[in-house]
Amino acid sequence: ELAKAFDQAWPTVLTNIGEAYRRLGLYPQAIEYFSEAIDLSPDLCTPYLYRSLTYHALGQQQQFNSDLIESEKRSQDHLEVQLYKELFFKN
């Protein structure tokens, strides 16, 4: 039962590690962790969101847009996703 709980939490742990790397400016490492989290739990919105921010920092606009859209699809009105969408896509 403990192993099952750990397995379920692992994508969130990977996302948090990726976010730490992103904030340190270690973008390739961040992308690896976010991508692994997505592979394990593709329904989570936060790895897509943070990976999109990483792509934005790298100037990779197409990947940024794609991941931001994917995060929104999975967000269920996640406040952070909506805030970033409004910030980056103001009219």
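The values are calculated or read from the model by the stated rules, or taken from the named source; none is laboratory data. Just so it is clear, the model here is predicted, and its values are computed rather than measured. Here the Cβ is made from the backbone with ideal geometry for all residues, glycine too, and neighbour counts use every protein chain on show. Protein only, heavy atoms only, side chains kept; ligands, DNA and RNA dropped before computing areas. Shrake-Rupley method; radii C 1.70, N 1.55, O 1.52, S 1.80 Å.
If you go through the range 28-67 and keep only what is of a type in the set (Gly, Ala, Ser) and either touching a residue at least 24 places away in the same chain (Cβ under 8 Å) or within 13 Å of Thr12 (Cβ to Cβ) (or both), you end up with Ala30, Ala37, Ser41, Ser52, Ala57. Summed over the range 39-49, residues that are of a type in the set (A, V, I, L, M, F, W, C), assigned to a helix (DSSP H, G or I) and surrounded by fewer than 22 Cβ atoms within 10 Å (Cβ to Cβ) total 1.
Every condition in (1) open to solvent by 30 Å² or more (accessible area, probe 1.4 Å); (2) part of a helix (DSSP H, G or I) is met by Gly59 except one, and the failing one is (2).
If only residues of the range 14-34 that are open to solvent by 30 Å² or more (accessible area, probe 1.4 Å) and of a type in the set (Gly, Ala, Ser) are counted, the one that is farthest from Glu70 (Cα to Cα) is Gly25.
Matching residues to (1) within 17 Å of Gly18 (Cβ to Cβ); (2) polar (S, T, N, Q); (3) part of a helix (DSSP H, G or I):
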site	(1), (2), (3)
Arg51	yes, no, yes
Tyr55	yes, no, yes
Ile69	no, no, yes
Glu72	no, no, yes
Asp77	no, no, no
Val81	yes, no, yes
Glu86	no, no, yes
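Restricting the range 62-91 to residues that are among the charged types (D, E, K, R), modelled with pLDDT under 85 and open to solvent by 90 Å² or more (accessible area, probe 1.4 Å) leaves a set whose member that is nearest to Tyr27 (Cα to Cα) is Glu86.
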